[in-house]
1. Counting pairs of alpha carbon atoms under 8 Å apart in space and at least six apart in sequence, what relative contact order in percent does the chain give?
2. Give me P(r) over segment 317-434, computed from all C-alpha to C-alpha distances, binned every 10 Å, as integer percentages.
3. Taking the number of other C-beta atoms within 10 Å as the exposure measure, put 541, 293, 208, 505 in order starting with the fewest.
4. Across segment 181-257, what fraction of all alpha-carbon pairs, as a whole percent, falls in each successive 10 Å bin from zero upward?
5. What percentage of all Cα-Cα pairs in segment 1-155 are separated by more than 23 Å?
6. Based on DSSP H runs of at least 4 residues, each adding -39500 (n - 2.57), what is the mean residue ellipticity at 222 nm of the chain after dividing by all its residues, to the nearest 500 deg cm²/dmol?
7. Is the C-alpha gyration tensor of segment 120-188 telling us rounded, prolate or oblate? Criteria: a/c under 1.5 is rounded; beyond that, a/b larger than b/c is prolate, otherwise oblate.
8. Compute the projected area of the convex hull of the Cα atoms of segment 510-555, averaged over all viewing directions, and report it in nm² to one decimal place.
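A short reminder: the numbers here are calculations on the coordinates, not readings from a lab. In this text the structure is predicted, and so the values were computed from the model without any measurement. With ideal geometry, Cβ positions are generated from the backbone for all residues, glycine too; neighbour counts draw on all protein chains shown.
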């Protein structure tokens, strides 16, 4: 049985495509500097916090006489945060570039995330190890973790570990928080004359690590295609059985990029976009009514089935729920021990009645009991409600069913309503990377080493022009501080990378808005099928619809 070929064994041999300018060979690539970068906002405060690494020049790479140094490189690499398809290829691209530059160069993989660096828990990555993980999903090569590098004690430990191994650079592969930590670590090293460069790589399936320089975070392409396949399968089943309404929650706490892309791929009857709900001040009851309208209309045509797509973070964007959650977070943080001593839900409600505003208590009281319990669960490390554990899809299904019962009693609804709920999250985080993500991530890793070799620190590896073919991609780097602004976190103003939300005036949302009424009333379901790895280029190397529409908007 061991000799049976699998997709995994075949994918080991896939050679990622790279931009034309990277194919010149590492000794024939030069760094080209552009203008000095500012920051996303709060320029003066960011500048004050990052005096050594603020205002650095943007960088692009082109074919030409190498501008890099020839010194031996000992590079450490860290996977930080949740998994995203393609992480292993970032490491593979980094490894290949490092060893192309010099066989004596060394790559250390710190295990379990950032804590691996401070605890000196590592393995030396060899070709044999790397080859077992090329083009595969997951982060299991070295594991990941959510420890934040943000204290002076941690920075001192990191400096000591780097010194022990003679390290010249650290590459942190992560999302917005992880790359914020990379920027802070780079500033600390520069300020304390620690001769170690720090480079970041943009990772998150949520798609909210995005700006004019980072057109897509890696993993978003694969995750949305994976979820779209599952949604398409459910749609085909719904259209066959013709008796269920499926409520599907998708990952994306802070932004609705995943939900929007999956809607563009599959055409659900209802897709809620958190940013629109917040911008228009849409209430919870109005959100439910939008679903009810589609159910009633379709039932009148004899179609008692449909699909509703819900972003994970929706509940925090509904005005009265946002206020309720904020008050709950403050109350439970201020009196955590007192609240923890309460055993029954009734006791907890009594506590809340004295802590919450009358408006928020009224909202809390009308919620189903299981949702009330979920809102009161243990907080995350920032003291906030763990939104992913709130079954928003079940809440909306319940509210829809209750409203339909009222309409049926009034003679305004004649259909049958049965619901099923789903949450697609982990199904997409460790999937085999699509060709796009395999290629993109490999190029990000290769470019990260180019930044190291050319002496840059506090930069993020970037690949631009992603909406074209790989030959059109442009490799470079941008100062991480360019992406930063000041935000209120845990009662303090902190420098963080600014999250990119769905732009309501952007082409992807506008296209969705133009078609959703048709999708709501008719069965326009689209089944994109499974990710294809071999075959016609237009099928295997296709980008997301989001990227395609953004390219269309720029023409």
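1. On the way: 1141 pairs, mean separation 132.9, N = 555.
Rounded, it is 24 percent for the chain.
2. All Cα pairs, binned at 10 Å, distribute as 11, 36, 28, 19, 7, 0 percent.
3. Numbers: 541 17, 293 13, 208 23, 505 6.
The most exposed by this proxy come first: 505, 293, 541, 208.
4. P(r) over segment 181-257, rounded to whole percents: 16, 29, 24, 16, 8, 5, 2.
5. Working: 6612 of 11935 pairs.
The answer is 55 percent, as a whole percent.
6. On the way: 22 runs with 240 residues, N = 555.
Computed mean residue ellipticity for the chain: -13000 deg cm²/dmol.
7. Numbers: a/c = 2.41, a/b = 1.46, b/c = 1.65.
Oblate shape, in that a/c is at least 1.5 and b/c is the bigger or equal ratio.
8. Numbers: hull surface 17.4 nm².
Reported value for the Cα convex hull: 4.3 nm².
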